[in-house]
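The values are calculated or read from the model by the stated rules, or taken from the named source; none is laboratory data. Just so it is clear, the model here is predicted, and its values are computed rather than measured. Cβ: placed from backbone, ideal geometry, glycine included. Neighbour counts: every protein chain shown. All accessible areas refer to the heavy atoms of the entire protein, side chains included, with ligands and DNA or RNA removed. Shrake-Rupley method; radii C 1.70, N 1.55, O 1.52, S 1.80 Å.
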Amino acid sequence: MRYRHPDRDQIRVDGVLSALGHPVRLAAVRVLDAGGEHNCSSVLVELGITAKSTMTHHWRVLRESGVIFQEPSGRENLLTLRRDDLDARYPGLLDAVLAGARTDEAGS
């Protein structure tokens, strides 16, 4: 199975902000921001989510908005943050959103 990913020039700010506007998706992006490829299971463990099916919708929203690459690898999917594409389209946006999430977390 191959997933559809938007090209860099097809990424839209409203889709990115909508995708990042959900707390679970934002938490997943924070995990992926560490860099490299992550398999779905490792992200779920870090988020404390036990059912893979819980994240299916969230992965699709992140993928279709252009926030992540999701590639099949055996029985897993490998996830990568599309930081280069997001930074090229909207310089500083991802950093601002992630810094805001860290500030919110520190204040709670």
#### Entry: Condition met for Ala96 (of a type outside the set (D, E, K, R), modelled with pLDDT of 95 or more and exposed (fewer than 12 other Cβ atoms within 10 Å of the Cβ))
yes
### Unique match (being open to solvent by less than 80 Å² (accessible area, probe 1.4 Å) and closer than 25 Å to Asp104 by Cα) among Val13, Val45
Val13
### Query
Failed condition for Gly35, given (1) part of a helix (DSSP H, G or I); (2) free of Cβ contacts under 8 Å to residues at least 60 places away in the same chain, with all others met?
(1)
### Query
Could you count how many residues in segment 66-106 are hydroxyl-bearing (Ser, Thr, Tyr) and closer than 13 Å to Tyr3 by Cβ?
2
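Residues checked against (1) under 13 Å from Val97 (Cβ atoms); (2) charged (D, E, K, R):
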site	(1), (2)
Gln10	no, no
Ala19	yes, no
Val29	yes, no
Gly36	no, no
Gly48	no, no
Lys52	no, yes
### Message
Tally up the residues in segment 60-85 that are of a type outside the set (Lys, Arg), open to solvent by 10 Å² or more (accessible area, probe 1.4 Å) and either in contact (Cβ under 8 Å) with a residue 12 or more places away in the chain or assigned to a strand (DSSP E or B) (or both), please.
### Response
13
